[in-house]
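The structure appears right after this line, and notes come after that.
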Amino acid sequence: MKNVLLFADPGVDDAFAIIYSVLHPDINVVGIVAGYGNVEVEIATRNIATILNLLEVDIPIYGGANQPVSDVYVEFYPEIHGVEGLGDFEPEGLGYQLTNFTDVYDVFNKYEDVSVVEIGRNTGLMIGYMLGKQKMEQAKNYFIMGGAFLTPGNITPAAEANFYGDPVAAKFVFENIKTHVFPLNVTNSAYVTPEMIDYIIMYSPLEKLKQPLQLMYNFYYDAYQELIPGLNGALFHDLLPFMYITNPEMFSFVEREIYIETSSGPGRGASIADFRPRYEADQAMLDGEEEIKHKIALQMDYNEFFRLFLETFIRNLPPEAGE
Ligand code: RIB
Ligand code: CA
């Protein structure tokens, strides 16, 4: 079983990633830190509680960051994820118990081999690491969705949304923590077609989940038809770190240092790595004074993505989860 501490900002693709991780038999989500990003932190928190309630699972939700450290201005994206963050699905106004952020460090006492997955802005992760470095260093791996290397951004010509949202935090993360990164280079292939959703609506045993999945997808699909005209589906970026955790062989990586542009100009949030042909030769000349190198996913096997998506979303809940 792969234990995961998740940082998320639901968001339609975050919501699908949470559902995927709970339904996958080899993944055990031990806590979710809610952060601002696609929506305000309060809405993100309520959305996580709504999804967990639908799944009838009891996973601690920790209160995360409510604004970036880069500046005080926060931009949300209702045109992509809906005003409430879950497309056309209206989340319940249910109560939920929020655990203090500082309690997040307990997961490292309670569970072995915890991997951290970050699928939102990097603010909460940066602050969590700064305040609790010794605990956070116990994490087995760090998996980050974000960035765009030598390829256009999705929020500006230069930047991907998660790094654009708080470039100072993303820069801190890459300067201090060794990660596997899943940028747009690979997530631009993570498209889910309407037929894939039809299939899971037909075969999922979880009746309660069907309408929310359909309503979230419909809105997100329409948004993607505007964002990337001609795309046969919508991009589910946030699923990829979870697919890597159980099926690493479906991805290919390069290993590089990562630099994040923190200026407020048109390059804000851009992710840079050295892809010059002479990179390998230059590395051989170095005398050990290297910065942290990260594994950057550049490609994946789409057939595996397709199979894992369908297989996992038509699963029943794990027995201990209540159904
Ligand atoms: O750029 C894709 C990322 O931005 C995803 O995490 C998505 O949820 C959005 O916030
Ligand atoms: Ca996200």
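The values are calculated or read from the model by the stated rules, or taken from the named source; none is laboratory data. As the structure is a computational prediction, the values presented were derived from the model and not from experiment. For neighbour counting, all protein chains shown are included, and Cβ atoms are generated from backbone atoms with ideal geometry for every residue, glycine included. Just the protein is used for accessible areas: all its heavy atoms, side chains included, with ligands, DNA and RNA removed. Shrake-Rupley method; radii C 1.70, N 1.55, O 1.52, S 1.80 Å.
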Given the Cα-Cα distance of ILE201 and LEU131 and 0.36 nm per residue of separation, how much length would full extension add, in nm? 20.9 nm
Farthest positive-ward along region 183-323 dipole, Cα basis, beta-carbon charges - from PRO277, TYR259, TYR302: TYR302
Contact order normalised by length for the chain, with contacts defined as Cα pairs under 8 Å and 6 or more residues apart; what percent is it? 21
Through the Karplus equation 6.51 cos²θ - 1.76 cosθ + 1.60, θ set to phi - 60°, convert the phi angles of region 10-19 into ³J(HN,Hα) values in whole Hz; use x for Gly and Pro. x, x, 5, 6, 5, 4, 4, 5, 5, 4
Farthest toward positive dipole pole in region 2-313 [+1 Lys/Arg, -1 Asp/Glu at C-beta], among PRO205, ASN3, LEU240: ASN3
Between helix 194-203 and the chain, what is the angle of the helix's C-alpha long axis to the longest principal axis, kept within 0 to 90° and rounded to the nearest 10? 50
Label point 7 Å beyond Cα of GLU304 along Cβ direction - residues of region 221-243 with amide nitrogen under 19 Å: 236-243
Which value in deg cm²/dmol, rounded to the nearest 500, describes the helix-derived mean residue ellipticity at 222 nm for the chain, given -39,500 (n - 2.57) per DSSP H run of n ≥ 4 and division by the residue count? -11000 deg cm²/dmol
Given a 1.4 Å probe and every protein chain left where it sits, what share in percent of the accessible area of region 103-161 is carbon and sulfur? 49
Quick one: which residues, 5+ away or cross-chain, put their amide H under 5 Å from the amide H of ILE27? H built at 1.01 Å from N. LYS2
Here region 260-265 yields Karplus 3J(HN,Hα) values (6.51, -1.76, 1.60; θ = phi - 60°; whole Hz; Gly and Pro given as x) of 10, 7, 10, 5, 8, x
Compute the signed sum of charges (Lys and Arg +1, Asp and Glu -1) over the other residues within less than 14 Å, Cβ to Cβ, of GLY132. -1
Taking only protein heavy atoms into account and a 1.4 Å probe, give the accessible area per residue of the chain in Å². 43
Which log10 I(q)/I(0) values does the chain give at q = 0.13, 0.15 Å⁻¹ under the Debye formula, counting every alpha carbon as one identical point scatterer? -0.92, -1.26
In a Gaussian network model of the chain with springs linking alpha carbons closer than 10 Å, the residue among LEU239, LEU206, LEU23 that fluctuates most is LEU206
Could you work out how far apart the two model spin labels at LEU317 and LEU231 are, taking each label as a point 7 Å from the Cα in the direction of the beta carbon, and quote it in nm? 3.1
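Counting other C-beta atoms within 10 Å, and keeping those with at most 12, which DSSP coil chymotrypsin sites (Phe, Trp or Tyr not before Pro) do you find in region 252-322?
Here the sparse-neighbourhood loop sites are PHE275.
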Cα→Cβ-extended label distance, 7 Å offset, between MET1 and ASP282, nm: 4.6
Go through region 127-189 and name the chymotrypsin sites (Phe, Trp or Tyr not before Pro) that are in a DSSP coil and have 10 or fewer other Cβ atoms within 10 Å of their Cβ. none
Just to check I understand the Karplus step: with θ = phi - 60° and J = 6.51 cos²θ - 1.76 cosθ + 1.60, what whole-Hz values come out for region 171-188, glycine and proline as x? 4, 4, 4, 6, 7, 10, 10, 7, 10, 9, 10, 10, x, 4, 3, 9, 6, 5
Which of LYS140/LYS210; LYS2/LYS210; LYS2/LYS178; LYS2/LYS208 have a Cα-Cα distance over 23 Å? LYS140/LYS210; LYS2/LYS210; LYS2/LYS208
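Can you compute the charge dipole magnitude of the chain about its Cα centre, using +1 on each Lys and Arg Cβ and -1 on each Asp and Glu Cβ, nothing else charged? Give it in debye, rounded to the nearest 20.
That gives a dipole near 340 debye.
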I need the GluC sites (Glu not before Pro) found in region 261-319, filtered to DSSP loop residues with at most 16 other beta carbons within 10 Å of theirs. GLU289, GLU290, GLU291
With an 8 Å Cα cut-off and a minimum separation of 6 or more residues, compute the relative contact order for region 98-191 in percent. 31
How would you rank 5-18, 54-67, highest first, on the average number of other Cβ atoms within 10 Å across their residues? 5-18, 54-67
Hey, can you rank 109-115, 119-125 by average C-beta count inside 10 Å, highest first? 119-125, 109-115
Amide H neighbours of ASN154 under 5 Å, counting only residues 5+ apart in sequence or on other chains, H built in-plane at 1.01 Å? ALA159, GLU160, ALA161
